[in-house]
Amino acid sequence: MKKIWLIIKREYLTRVRKKSFIVTTLLVPLLMFGLISLFVYMAVKIETKQKLVVQDDSGNFINQIDTVQKLYSIVYEKKQLNESTQAILERTKADIFLHIFKVTDSKPDSVHIYKEGGVSLSAKEFITGQLDEIYQLKLLQDAGINKNTIDSIQHSNIQLKSFDLKDNKETNAEIASGIGYAMGIIIYMVIFIYGAGVMRGVMEEKTNRIAEVIISSVKPFQLMMSKIIGIALVGLTQFVMWSCLLTILQLLIPFLIPGFSESIQGGMPANINVSNQMEALSKNENIGLIQSVMNQNWLLIISCFLFYFLGGYFLYAAMFAAVGSLVNEDPQEAQQLTLPVTMPIILGFVIMITSLKDPNGALSVFGSLFPLTSPIVMMARIPYGVPAWQLITSMLLLIGGFIFMTWLSAKIYRTGILMYGKKPSWKEVIKWIKYS
């Protein structure tokens, strides 16, 4: 046990003290913060205000187009005699020319938009939304219908609440999906990133002939498990530091870009009535949303997340370690051998997406029980409520799968770590498993 602890300590300290680890741990959050800040700055500061010239031959839209969005300035102007579209844009120094033709048979005959280089999607949506709203209001007025009455009917809806039959607590499918997806994707990324890190660590020791020296003192199985645990601790350290740094840096965005909050409030499309939306969100709905979050069984969710987080990592880390022991110095060889390992991870991610829509379907249940996919799929199902027998069975199968895969990988690792200069075939690997 003392030797295993020494190897774990060596693996952890050697990697944590590397310049690459320090640079990566600090650089990744800074790069992400820089990209987020750049996007926010561009959204807040680099807003190109466009001038829109409107020729309204129908007379129904003059002084009606709203400019709350502050991205467009509106000028109502008509073409002079024999004046071209390009000429009126140059004369008014505008960017977009909107020509609304006369009304025929109670419908606008046509609306044409002109802009050099083509009209952007946002500009088209703004113009379409404005004209539709104005024209619908006119039709309502012509029919003697009060628009406020129509608005009140449109904003009326049936309040639906869902409850868990077991404890009669209110549930929320959107919140459950968000929690399940977030935790599933974290486990998916951890398995890929740090599992591959185990494989690279084994490849480095094999290439540098360090493994030969270490195996003279400890058993190959002890070496493999020590490496898996050591790299897991490195990954956990880096993950915690990234989370803390990103949280701190994101809190600085409002201080670095003072107009951020105002931009979020003022940058909404003009055809959306913000006041009506705010009024539609009653206090009871907000309280119900918070109550749905609080009603989640967070003790079970967090406990299962830690279990499947560690179980999934150790299961795949053993497989990646076995693959690393088979590779000599050819990177392409490593890519070919990792394909059978990565396919179940990708399959688990695909089943997880399906589980968010149908958490109790046959495919979802199978994915949450099968050890190679359960760490990802089960976390997508847990917020919806999983029968106790399925959860216990899944955990037992994952533990059994980890023990079996560790035993299998150790047999491959024991021979592969000392084999150089030859690419072993799958037939030889099977012989190692049978006879070692």
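Key figures for this structure:
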quantity	calculated
Hz values of 3J(HN,Hα) by residue in the stretch 182-197 - Karplus curve (6.51, -1.76, 1.60), Gly and Pro given as x	4, 6, x, 6, 5, 5, 4, 5, 4, 4, 5, 5, 7, x, 5, x
Most positive-pole-ward Cα, 419, 309, 360, against dipole of the stretch 300-436 from beta carbon charges	419
10 Å-binned pair-distance histogram of the stretch 50-146 (Cα, whole percent)	14, 49, 29, 7, 1
Amide H contacts of residue 76 (H built 1.01 Å from N, under 5 Å, at least 5 apart or other chain)	54
For the stretch 387-404, Karplus couplings with θ = phi - 60° (6.51, -1.76, 1.60), whole Hz, Gly/Pro x	x, 4, 5, 5, 5, 5, 4, 4, 5, 5, 5, 5, 4, x, x, 5, 5, 5
Under the Karplus curve 6.51 cos²θ - 1.76 cosθ + 1.60, θ = phi - 60°, whole-Hz ³J(HN,Hα) for the stretch 351-359, x wherever Gly or Pro sits	5, 4, 4, 5, 5, 5, 8, 9, x
Cβ-placed point charges (K, R +1; D, E -1), dipole of the stretch 50-146 about Cα centre in debye, nearest 20	220 debye
Interchain or long-range residues, amide H under 5 Å from residue 50's placed H	72, 73
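A short reminder: the numbers here are calculations on the coordinates, not readings from a lab. Keep in mind the model is a prediction, meaning the values are calculated, not measured. So basically every Cβ, Gly included, is an ideal-geometry build from the backbone, and we count neighbours across all protein chains shown.
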